[in-house]
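**Q** Sharing a structure below in structure tokens format, with a few things to ask.
Please treat every number below as a calculation from the coordinates, not as lab data. Just so it is clear, the model here is predicted, and its values are computed rather than measured. In this analysis, Cβ positions are derived from the backbone assuming ideal geometry, glycine residues included, and neighbour counts consider all displayed protein chains.
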Amino acid sequence: MEHILKYFPQLSERQRQQLQVLLEAYPEWNAKINVISRKDIDNLEVNHVLHSMAIAKFLQFTPGTRILDLGAGGGFPSVPLALLFPEVSFLLVDRVGKKLRVAADVAERADLKNVAVQHGDIKEVKGCFDFVVSRAVMPFPEMVPLVRRLIDRTGRNAMPNGVICLKGGDLSEELRPFKKQVLVDELTNYFDEEYFQTKKIVYLPL
């Protein structure tokens with residue numbers, strides 16, 4: 001876990017133990033269910049866990065914040081974020097039940113009590129959330145109309161409530177409809193590893 005501790009040296013002993021559980025549990029599960037590309041599982045720490053934690057470099061969620069993870073799959077980015085923010089609640093939603101079972105099991109094994117999962121479509125989700133997060137699930141023009149109704153209008157964080165996505169590559173066309181509102185933050189501002197050269201955080205206040 002040296003790469004993660006390089007950027008998050010403040011992790012408590014409990015959080016380090018939880019992190020170790022994540023780094024052991026995902027390869028175990030991946031041998032049964034292809035949650036992460038088999039070619040990429042050896043890069044779990046940097047390409048998946050640290051990548052997910054990038055959101056914590058962009059914004060420190062205040063206690064009581066409610067996060068919805070759209071298309072959460074096996075738990076990225078929310079399971080690593082739940083480790084960093086134990087007083088923030090995370091609801092992971094995905095239409096693929098077997099991947100959500102992985103996320104739920106890993107969270108349980110790591111004793112992350114702030115993680116819940118919901119199998120189904122985003123249209124079935126009820127409630128209000130401060131932020132919707134995702135990791136390259138769908139283009140912004142498709143995603144924003146689906147989640148707008150779920151964003152609480154009263155904020156509690158340093159930035160207005162909205163959508164925070166981890167994406168890569170050229171996003172100019174995808175983000176054109178939102179160009180006056182959207183903020184794009186390069187992950188090279190936070191991390192040195194080559195993997196992050198083309199990776200970005202995209203934030204849209206709603």
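**Q** Tell me, what HN-Hα J-couplings in whole Hz come from the Karplus equation 6.51 cos²θ - 1.76 cosθ + 1.60 at θ = phi - 60° for each residue of the range 59-71, using x for Gly and Pro?
**A** 8, 8, 5, 7, x, x, 5, 10, 10, 10, 9, 8, x
**Q** So for the range 64-170, averaging the separation of alpha carbon pairs under 8 Å that are six or more residues apart and normalising by length, what relative contact order in percent results?
**A** Averaging sequence separation for qualifying contacts and normalising by length gives 29 percent for the range 64-170.
**Q** Add +1 for every Lys or Arg and -1 for every Asp or Glu among the other residues with Cβ under 12 Å from the Cβ of Asn161, and state the total.
**A** Overall, the nearby charge balance is +2.
**Q** OK, next. Past 25 Å, Cα to Cα, is the threshold; run Lys99/Lys126; Lys39/Lys123; Lys39/Lys113; Lys39/Lys179; Lys98/Lys126 against it and keep the listed order.
**A** Lys39/Lys123; Lys39/Lys113; Lys39/Lys179
**Q** When only C-alpha pairs under 8 Å and at least 6 residues apart count, what is the relative contact order of the range 2-205, in percent?
**A** Worked out over the range 2-205, it gives 18 percent.
**Q** Sticking with this structure for a sec: May I ask you to list the aspartates and glutamates whose Cα is less than 13 Å away from that of Lys57, ignoring any residue fewer than eight positions away on the same chain?
**A** In chain and number order, the partners are Asp185, Glu186.
**Q** Let me ask you something else. Return the long-range amide H neighbours of Val163 (sequence gap of 5 or more, or a different chain), with a cut-off of under 5 Å between placed amide H atoms.
**A** Val132, Leu204, Leu206
**Q** What net charge is computed for the residues neighbouring Phe129, neighbours being all others with C-beta under 9 Å from the C-beta of Phe129, Lys and Arg scored +1, Asp and Glu -1?
**A** Net charge in that neighbourhood comes out at -1.
**Q** Could you rank the peptides 100-106, 117-123 by their average count of other C-beta atoms within 10 Å per residue, with the highest value first? Don't jump to the answer; show the numbers that get you there.
**A** Numbers: 100-106: 20.7, 117-123: 14.7.
So the peptides 100-106, 117-123, ranked by packing, come out 100-106, 117-123.
**Q** In debye to the nearest 20, how big a dipole does the range 67-206 give about its Cα centre with +1 on each Lys and Arg Cβ and -1 on each Asp and Glu Cβ?
**A** The calculated dipole for the range 67-206 is roughly 540 debye.
**Q** Tally Lys and Arg at +1 and Asp and Glu at -1 over the other residues with C-beta under 10 Å from the C-beta of Leu146: what net charge comes out?
**A** Cβ neighbours under 10 Å give a net charge of +1.
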